[in-house]
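Working notes, structure below.
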Amino acid sequence: TFDESSDKLTPEDRTRLDAVVESIRGKSQRIEIRGHTTRRPLPKDSPYRDHLDLAYARARAVMDYLVSKGIDPDRIRIPAAGGNEPVSTQPDPLEQKKNRRVDIFLLDQSPDRLDLPQNNKQDTKPSTQPTNNS
């Protein structure tokens, strides 16, 4: 999870992501890193245009960390859901914190499909369970 209007990884986030790296290292599946936010208004001085921009920045921060640990960036795609896929709709701040997250999915895609030209790749769907929330 992230601070309300931030895309910065904490030391705890890095520790959790290190475990993700170990679980996906050596596997060939594509990886989806999907960024999320709450629906609370962004601060007026926010560097982000909107929630999708913040969600993308969060996913990008996670991608950059995974790549720095040796994960091939060509395996990764990073969509942003913004506030459109909340885990909780409860107003309680502890519940809302669950929405400030990034989900990491291993996609059900065979390695041979990774070598197809970009315009011939078929769309894939993530598995129903995230590998990790960060």
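Looking for something touching a strand residue (DSSP E or B) at 6+ places or on another chain (Cβ under 6 Å), closer than 15 Å to Ser6 by Cβ and at pLDDT 95 or above - is there at least one such residue anywhere in segment 59-79?
yes
Arg49 - would you say it is basic (Lys, Arg) and over 17 Å from Lys97 (Cα atoms)? Yes: the conditions hold for Arg49. The set of residues in segment 46-95 being more than 19 Å from Thr10 (Cβ to Cβ), part of a helix (DSSP H, G or I) and open to solvent by less than 30 Å² (accessible area, probe 1.4 Å) consists of Arg75 alone. In this entry, Glu22 passes the filter for residues that are at pLDDT 95 or above, open to solvent by 50 Å² or more (accessible area, probe 1.4 Å) and outside any loop (DSSP other than H, G, I, E, B).
Suppose we filter Ala19, Ala57 for residues that are within 11 Å of the chain's Cα centre (by Cα) and in contact (Cβ under 8 Å) with a residue 40 or more places away in the chain; which single one remains? Spell out the reasoning first.
Values: Ala19 fails: within 11 Å of the chain's Cα centre (by Cα).
Among Ala19, Ala57, only Ala57 is within 11 Å of the chain's Cα centre (by Cα) and in contact (Cβ under 8 Å) with a residue 40 or more places away in the chain.
Considering segment 31-41, and only residues there that are at pLDDT 95 or above and not β-branched (Val, Ile, Thr), the residue that is most open to solvent (accessible area, probe 1.4 Å) turns out to be Arg34.
The values are calculated or read from the model by the stated rules, or taken from the named source; none is laboratory data. On a predicted model such as this, the values are computed, not experimentally measured, just so you know. Neighbour counts are summed over all protein chains in view; Cβ atoms, including those assigned to glycine, are modelled from backbone coordinates with ideal geometry. Side chains included, ligands, DNA and RNA excluded: accessible areas come from the protein's heavy atoms. Shrake-Rupley method; radii C 1.70, N 1.55, O 1.52, S 1.80 Å.
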